[in-house]
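Enquirer: Can you read through this structure? Questions will come right after.
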Amino acid sequence: MVSTICIAIAIVAYMAVIVAVGISFSKKNQNADDFYLGGRQLGPIVTAMSAEASDMSSWLLMGLPGVAYISGIADAGWTAIGLAVGTYLNWLIVARRLRRYSVIAGNSITIPEFFKNRYRENKNILLIIAALVILVFFVPYTASGFAACGKLFSSLFGMNYMAAMLISAAVIIIYTMLGGFLAASTTDLIQSIVMTIALVVVLFFGTHHAGGVGAVVENAKAIPGYLSMVQMGNTATGEASPYGFLTIVSTMAWGLGYFGMPHILLRFMAIKNPADIPRSRRIATVWVCISMTVAIFIGIIAYSMSKAGVIATFETSSEGETAIIAISNFMASYGAFPALVAGVILAGILACTMSTSDSQLLAASSSVSQNILVDGFGIKMDDKQKLVAARLTVIVIAIIGVFLAKNPDSSVFQIVSFAWAGFGAAFGPVMLCALFWKRSNKYGAIAGMLAGGIMVFVWKFGVRPMGGAWNIYELLPAFIVALVLEVVVSLLTKAPEQEVLDEFEKAKGNEEI
């Protein structure tokens, strides 16, 4: 009972701080530009950590350790390597150019608006398609975040799932609706700190109670293929299976997704000084590499704790995702202070989820209120009306997300994986061509975006189930098809106008914008 109260105190205190941040930033939003992009005033540390916290989600503390627990380091390791490389390249080649180009191209404040302004697509076809892509993939993505929070509270406190999910969703809605992008980015920084604390505490506590580093290594070595990067172990059967080259390439393709993630790209557009981007890149890359490495080790440590009888034994990766919760509950049994620390760890899981959900909620709402209503349908609103519309849209999108999250048995990881592929394939090739290929045009962008989004569905539900060589993560084939189609259609259609070419050259410059 004492441990449950202490855990609840830690989590409630954390949620209160997050809501307070939202309230404190509410008066700083004077227009839609402030609400959706923070007036381009983010500092380098907030930019770096909010981008990565909104990226990682509960996958960092639950998904990655769960995979490592069941199958060892190959699947988790190659995924982490792909994501680390993708993170670094996104900051290196996309961040600075997008920051400059989004200002030059009509001071764009959303990704769909940037595509429209970049290509002078005045019929708004490209803008509306981009906005719909965001809705199709982000609304269920947001719902998965609500569901994860609901599952966490339900398992911890024995609450009704629906009630637990509604409470956590309400907290996210309140601070996002009030504080907008600045509140979401600032809370993401706080959440990244909480996530880091959780990783470090679990790493040392778990190692100690697993019998030390030696015991962890010996238990891992006892399973064939568990510590190999070219084989997959299996803690349930004790057998190893090959992890071939095609599987490695497919797994590393997760890194391609970064080039099309709206909630990450918006951080690049929002940084105050483009000269600070190299600093942000170093902070972001180091944090991502260290945090994912620790998360994988936690999965391996959790297996040794199971062998030692400290926590339960898990037989599937979905069960393994609850390992960090089991470790936290075990820690809480040691007394009031350890229970408070356990509460911080569990708040870290909550932080992972909330830091992604708030960014997705903002991106989805901007696609409706700004891109579809104002830009697409030409509804006239002043700054105050746009701000009200933005906040109302956050509420509406969140309500839809809550409705979609009502099923507690939905797979959070599968939704995240599919949405990641959708954005990576639909937006990634278009973004890279928009920033780095002068000859690309609006026809190629429309073709590439449609091809990428549709191919994700085709490969996921039509091709991949065939198995064998076709069992490739849908992001890779969809990304390639979208890129090829964009290039071909651009070359077969009319070249961009001179005004578009002049802006492209200006975006390549080094002077500050």
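Enquirer: Within segment 131-150, can one find any residue that is outside any helix (DSSP H, G or I) and either farther than 24 Å from residue 288 by Cα or at pLDDT 90 or above (or both)?
Expert: No, segment 131-150 contains no residue that is outside any helix (DSSP H, G or I) and either farther than 24 Å from residue 288 by Cα or at pLDDT 90 or above (or both).
Enquirer: Restricting attention to segment 316-372, and to residues there that are of a type in the set (D, E, K, R) and surrounded by 24 or more Cβ atoms within 10 Å (Cβ to Cβ), which single residue is farthest from the chain's Cα centre (by Cα)?
Expert: Ranking the qualifying residues of segment 316-372, first place goes to 321.
Enquirer: Here's a follow-up. Restricting attention to segment 96-136, which residues are open to solvent by 10 Å² or more (accessible area, probe 1.4 Å) and of a type in the set (S, T, N, Q)?
Expert: 107, 117, 122, 124
Enquirer: Taking the options 268, 297, 330, name whichever one is closer than 22 Å to residue 71 by Cβ and among the aromatic types (Phe, Trp, Tyr).
Expert: So the residue among 268, 297, 330 that is closer than 22 Å to residue 71 by Cβ and among the aromatic types (Phe, Trp, Tyr) is 297.
Enquirer: So, residue 416, is that one under 22 Å from residue 261 (Cβ atoms) and without any contact (Cβ under 8 Å) to a residue 40 or more places away in the chain or not?
Expert: No, not satisfied.
Enquirer: Of the residues in segment 461-482, how many are buried (at least 20 other Cβ atoms within 10 Å of the Cβ) and either of a type outside the set (Ser, Thr, Tyr) or out of contact with any helix residue (DSSP H, G or I) (no Cβ under 8 Å at 6 or more places or on another chain) (or both)?
Expert: 8
Enquirer: When you scan segment 373-386, do you find a residue that is part of a helix (DSSP H, G or I), buried (at least 24 other Cβ atoms within 10 Å of the Cβ) and either free of Cβ contacts under 8 Å to residues at least 40 places away in the same chain or not β-branched (Val, Ile, Thr) (or both), even just one?
Expert: Checking segment 373-386: not a single residue is part of a helix (DSSP H, G or I), buried (at least 24 other Cβ atoms within 10 Å of the Cβ) and either free of Cβ contacts under 8 Å to residues at least 40 places away in the same chain or not β-branched (Val, Ile, Thr) (or both).
Enquirer: Let me ask you something else. Looking at the structure I just gave you, is residue 94 closer than 22 Å to residue 195 by Cα and either not charged (D, E, K, R) or not in a helix (DSSP H, G or I) (or both)?
Expert: In short, no.
Enquirer: Where the second residue is open to solvent by less than 10 Å² (accessible area, probe 1.4 Å) and part of a loop (DSSP other than H, G, I, E, B) and the first is basic (Lys, Arg) and lies in segment 96-125, which pairs have Cβ atoms under 6 Å and are six or more apart or on separate chains?
Expert: Within 6 Å, the pairs are 118/105.
Enquirer: Determine, yes or no, whether residue 326 is free of Cβ contacts under 8 Å to residues at least 60 places away in the same chain, part of a helix (DSSP H, G or I), more than 30 Å from residue 99 (Cα to Cα) and not hydroxyl-bearing (Ser, Thr, Tyr).
Expert: yes
Enquirer: Another question about this same structure. Mind listing whichever residues of segment 161-196 are open to solvent by less than 10 Å² (accessible area, probe 1.4 Å), under 16 Å from the mean Cα position of the chain (by Cα) and not charged (D, E, K, R)?
Expert: Result: 172, 181, 184, 185, 187, 191, 192, 195.
Enquirer: Is it true that some residue in segment 218-237 is out of contact with any strand residue (DSSP E or B) (no Cβ under 6 Å at 6 or more places or on another chain), of a type in the set (A, V, I, L, M, F, W, C), assigned to a helix (DSSP H, G or I) and open to solvent by less than 30 Å² (accessible area, probe 1.4 Å)?
Expert: Yes, segment 218-237 contains at least one residue that is out of contact with any strand residue (DSSP E or B) (no Cβ under 6 Å at 6 or more places or on another chain), of a type in the set (A, V, I, L, M, F, W, C), assigned to a helix (DSSP H, G or I) and open to solvent by less than 30 Å² (accessible area, probe 1.4 Å).
Enquirer: What number of residues in segment 205-217 are not in a helix (DSSP H, G or I) and not hydrophobic (A, V, I, L, M, F, W, C)?
Expert: Looking only at that region, the number is 2.
Enquirer: I've got another one for you. For segment 483-513, which positions are surrounded by 11 or more Cβ atoms within 10 Å (Cβ to Cβ) and outside any helix (DSSP H, G or I)?
Expert: 493, 495, 496, 497, 508, 513
Enquirer: Taking the condition open to solvent by less than 10 Å² (accessible area, probe 1.4 Å) and under 15 Å from residue 88 (Cβ atoms), does residue 283 pass?
Expert: No, not satisfied.
The values are calculated or read from the model by the stated rules, or taken from the named source; none is laboratory data. In this text, all values refer to a predicted model and were calculated from it rather than measured experimentally. Reconstructed Cβ throughout: ideal geometry from the backbone, glycine too, with neighbour counts over all protein chains shown. Ligands, DNA and RNA are excluded from the accessible area calculation, which covers all protein heavy atoms including side chains. Shrake-Rupley method; radii C 1.70, N 1.55, O 1.52, S 1.80 Å.
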